[in-house]
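Asker: Questions regarding the structure given below will be posed in turn.
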């Protein structure tokens, strides 16, 4: 799974910087994504590991409301992490001694 790879490469603390973005082409797909999030144990577990952080967006990224929501969630994520972002310094600290 991709999340384990991120943790292996970048260290366990990378999770606090992760938000899952689900994209769709048609509105019906957005509703299916939201339904699947509630009914699919694999997706549910993935989101749980990421602190429940996700957003759905049209592939064209042309829905202003979705874009505002996404930007608010990114801002909230930054605030949760005291305005820090995942940097090369953090990567070096988290991968020291791992041979990467």
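The values are calculated or read from the model by the stated rules, or taken from the named source; none is laboratory data. Here the structure is a predicted model, which means the values were calculated and not measured. Cβ coordinates were reconstructed from backbone atoms using ideal geometry, including for glycine residues, and neighbour counts include every protein chain displayed.
Asker: List pairs: first in the stretch 16-39 and touching a residue at least 40 places away in the same chain (Cβ under 8 Å), second assigned to a helix (DSSP H, G or I) and surrounded by fewer than 14 Cβ atoms within 10 Å (Cβ to Cβ), Cβ under 9 Å, 6+ apart or cross-chain?
Answerer: Once the first residue is touching a residue at least 40 places away in the same chain (Cβ under 8 Å) and sits in the stretch 16-39, its partners that are assigned to a helix (DSSP H, G or I) and surrounded by fewer than 14 Cβ atoms within 10 Å (Cβ to Cβ) give 16/80; 19/74.
Asker: Follow-up question, since we're still on this one. Within the stretch 41-84, how many residues turn out to be under 12 Å from residue 19 (Cα atoms) and touching a strand residue (DSSP E or B) at 6+ places or on another chain (Cβ under 8 Å)?
Answerer: 9
Asker: Based on what the data block shows, is residue 28 under 14 Å from the mean Cα position of the chain (by Cα) and either part of a helix (DSSP H, G or I) or on the phi < 0 side of the Ramachandran plot (or both)?
Answerer: no
Asker: Quick one: residue 49 ticks every box in (1) surrounded by 14 or more Cβ atoms within 10 Å (Cβ to Cβ); (2) modelled with pLDDT of 85 or more; (3) within 20 Å of residue 15 (Cβ to Cβ); (4) more than 13 Å from the chain's Cα centre (by Cα) except a single one, so which number is it?
Answerer: The single condition residue 49 does not satisfy is (4).
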